[in-house]
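All remarks here apply to the structure that follows.
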Amino acid sequence: MTTLTNAVTTAATPPPVAPTGDHHDLAIVLFAVIVLVTLGITLWVGRQGNAAEDFYAGGRGFTPLQNGFALSGDYLSAASFLGVAGLIALYGYDGVLYSIGFLVAWLVVLMLVAELVRNAGRYTLADVLALRLRRRRVRAAAGGASVVVTLLYLVAQMVGAGSLVALLLGTNSSQARTWTIIAVGALMIVYVTVGGMRATTWIQIVKAFLLIAGSVLLTVLLVVRFHGDLFELMRQAAQHSGAGHRYLEPGLKYGATFTSRLDFFSLGLALVLGTAGLPHILSRFYTVPTARAARRSTMWAIGLVGGFYLMAIALGLGASALVGSAEVRHANPAGNTAVPLLALVLGGGNGSTGGVVLFALISAIAFATILAVVAGLTLASSAAFAHDIWAGAWRGHPRRGRAAEVREKPSEQQEVVVARFAAAGIGAVAIVISLYAQQLNVAFLVGLAFAVAASSNLPVLLYSLFWSRFTARGAVWSVYGGLVPAIVLVFFSPVVSGSKAALFPGVDFHWFPLENPGIVSIPLGFLAGWLGTLTSPEPADADRFAELEVRALTGAGAA
């Protein structure tokens, strides 16, 4: 590979390929079809059941294959289809490392949490903790962390939607992106409030099939274009990257300084550990009837996700080779539109019927990807608020100062109503935040969500499942000990201020040098849980841990 990269010279990028205004009608029609189909699924499925188990877990009736597709649909977001390929198109080797981190994370999920979470919980992460740590502050902490993580993930998807539709309309105007973000937010609220988990799961299955089929189509066309010569593909990608041989070597994005290398290590740590703490992924294990089915679902998801990321690497290289990194960056500075532009070229180029059709098809699939993922994220966050914070932490507990007076426990119907209102509120907050984050790469935004999940949710989950001495204080300290530092470090990082691509580019108040806080916040989450347990005035309940251990390992008494 060294000989190959040294032989590559920098060349001019191909001519611009962005679609003209005369060729957007077909893509708009396909977008409309996607929206109508997903709304139809939502309305049809939403009439089949309104119980809490239907809303949160889809009735627990999905097969491992169905749930495997739904898991991959939940996981393969705009960050995967748009962001990762865009990063590879712009930064080559360093962008490939994103896809490796996303894939390796599934091994952690399979080995450590899939079956145990399915057996020990009911609807959310906090249910697993509450089985042995029956404290409302534990539920409140876990529910709040889940809402924060899903909000960050939602922002990434909606930013991707704005970039995609702006390209479709042939404009870089912020107004087009703004209205797209608002429309996607409104749609996701409808999906969740009307259809719940059952409708969301079917939307994920349809979306996963479309996404993988579209990726296979583009990959086959790309390989045919280069006559099966992958080395030629890499040579052309390096030639048209603007970076020459450095495109195929480590360091184009993260290797310039010690700080950038440390930032990459932090990102990799967050990606590998964060998946096991993502609320919308954990909630998927409750949609199947048994723990064995949950494990088989994860194995299906690993196969689907692994195949997809192999294709994403090829598509990123193809975008650099055939579109050119300069044109990709011109269409969107973060590279979020690399795949649709590649589709346009593979179909025959701008102005050709094949190019327009393929561009429209891939854009519509990307839009379906975003709609499906935001539905799953909104459902997870609304469930965390209604089931954990409202019903678990606030209702059904003694009023302050009145130990004998207990609030009446809410019914399942009341809980579902609150979850639907919460979906609307969370959707509104996500829209507002997304409007300020339009210039950030969606894969990078997802990396922040993974860092927060790995810092706050993963430590408390692992401690609860595997450490017999773990206490309620340790759980609360673990959640906040990872969550608060992660958010504070992001706020005072170059992501928010001090750079042209920051949320607030006109000011500079950053002091933390890394863009991803995982290398600091993840150890702090584990450390805080350990210290909280050691200093806890109440010892751990051995009987409750034994109950959790038996249920997690055998499934006895599982929902």
task: Check the straight Cα-Cα distances from residue 500 and name the lysines below 23 Å, setting aside those fewer than 8 residues away within the same chain.
output: 253
- line: Length-normalised contact order of the chain, Cα under 8 Å, at least 6 apart, in percent, tallies to 29
message: With n ≥ 4 as the cut-off for DSSP H runs, can you work out [θ] at 222 nm for the chain, using -39500 (n - 2.57) per run divided by the number of residues, rounded to the nearest 500?
response: -22000 deg cm²/dmol
field: Ordering of 517-529, 333-345 by packing [mean C-beta count within 10 Å, highest first]
entry: 333-345, 517-529
field: Mean Kyte hydropathy of -1.0 or more with a Cα span along the axis of at least 30 Å, helices from DSSP in the chain
entry: 25-46, 136-168, 196-225, 291-318, 353-383, 412-436, 442-466
- line: Cα-based Debye curve of the chain sampled at q = 0.07, 0.08 Å⁻¹ gives log₁₀ I(q)/I(0) of -0.38, -0.50
Probe 1.4 Å, protein heavy atoms only - accessible area per residue of the chain in square angstrom: 37
- line: Yeah, segment 406-559 with a ≥ b ≥ c from its alpha-carbon gyration tensor (a/c under 1.5 is rounded, else prolate when a/b outruns b/c, oblate otherwise) is oblate
- prompt: What order, most packed first, do the peptides 31-43, 119-131, 210-222 have when packing is the mean number of other Cβ atoms within 10 Å of each residue?
  reply: 119-131, 210-222, 31-43
task: Please list the equivalent ellipsoid semi-axes of segment 46-146, computed as the square roots of five times the alpha-carbon gyration tensor eigenvalues, in descending order and whole angstrom.
output: 31, 19, 14
field: For residue 487, solvent-accessible area (1.4 Å; no DNA, RNA or ligand), Å²
entry: 70
query: Carbon-plus-sulfur fraction of the accessible area of the chain, 1.4 Å probe, in percent?
result: 66
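The values are calculated or read from the model by the stated rules, or taken from the named source; none is laboratory data. The shown structure was predicted, so the numbers you read here are calculated from the model rather than taken from an experiment. Don't worry about glycine lacking a Cβ; one is built from the backbone with ideal geometry, like all the others, and counts go over all protein chains shown. Calculation scope for accessible area: heavy atoms of the full protein, side chains included, ligands and nucleic acids excluded. Shrake-Rupley method; radii C 1.70, N 1.55, O 1.52, S 1.80 Å.
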